[in-house]
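Peer 1: My questions will all concern the structure given below.
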Amino acid sequence: MTTISEYLSTPGEILLEGFLEPLGISQGRLAGAIGVPASAVADIVAGRRPITPEVAWLLGWALGTSAEYWLNLEATYRLRTLDTSSMPQVAALV
């Protein structure tokens with residue numbers, strides 16, 4: 001069975017494949033440029049850590065994008081991979 005996660009890139013994959021690799025920037029160099037530990041960038045790339053507003057702002061400045069670009073990637077990924085099976089039933093109010 002195919003799941004949506006097989007077709008949905010994490011924000012970290014987009015960071016790696018859309019920015020770092022094409023621009024020849026190592027994860028360590030990015031980490032140094034934005035003032036975060038290399039492990040933080042590695043965790044984002046590996047999908048183990050979300051992109052926070054602070055990191056989104058830093059990535060935007062370092063990579064010539066906006067903070068909103070990174071936050072939208074993160075929010076879209078989280079919504080599309082959300083497991084709603086254990087969420088309570090909610091009655092529509094409007």
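Peer 1: Quick one: which helices (runs of 4 or more DSSP H) lie wholly within the stretch 1-88 and hold at least 2 residues that are at pLDDT below 95? Walk me through how you get there before you give the answer.
Peer 2: Values: elements: 11-15, 27-34, 38-45, 53-63, 67-80.
Answer list for the stretch 1-88: 67-80.
Peer 1: Sticking with this one: Among the residues in the stretch 65-76, are any over 12 Å from the mean Cα position of the chain (by Cα) and surrounded by fewer than 17 Cβ atoms within 10 Å (Cβ to Cβ)?
Peer 2: In the first step, residues of the stretch 65-76 are kept if they are over 12 Å from the mean Cα position of the chain (by Cα); the result is 65-66.
In the following step, the residues that additionally are surrounded by fewer than 17 Cβ atoms within 10 Å (Cβ to Cβ) were identified as 65-66.
Yes, some residue in the stretch 65-76 is over 12 Å from the mean Cα position of the chain (by Cα) and surrounded by fewer than 17 Cβ atoms within 10 Å (Cβ to Cβ).
Peer 1: Here is a check on your reading of the model: is residue 38 among the small types (Gly, Ala, Ser), more than 10 Å from the chain's Cα centre (by Cα) and exposed (fewer than 15 other Cβ atoms within 10 Å of the Cβ)?
Peer 2: Details: among the small types (Gly, Ala, Ser): yes; more than 10 Å from the chain's Cα centre (by Cα): yes; exposed (fewer than 15 other Cβ atoms within 10 Å of the Cβ): yes.
Criteria met by residue 38.
The values are calculated or read from the model by the stated rules, or taken from the named source; none is laboratory data. Quantities reported herein were computed from a predicted structural model and do not represent experimental measurements. Cβ atoms come from the backbone with ideal geometry, glycine included; neighbour counts cover every protein chain shown.
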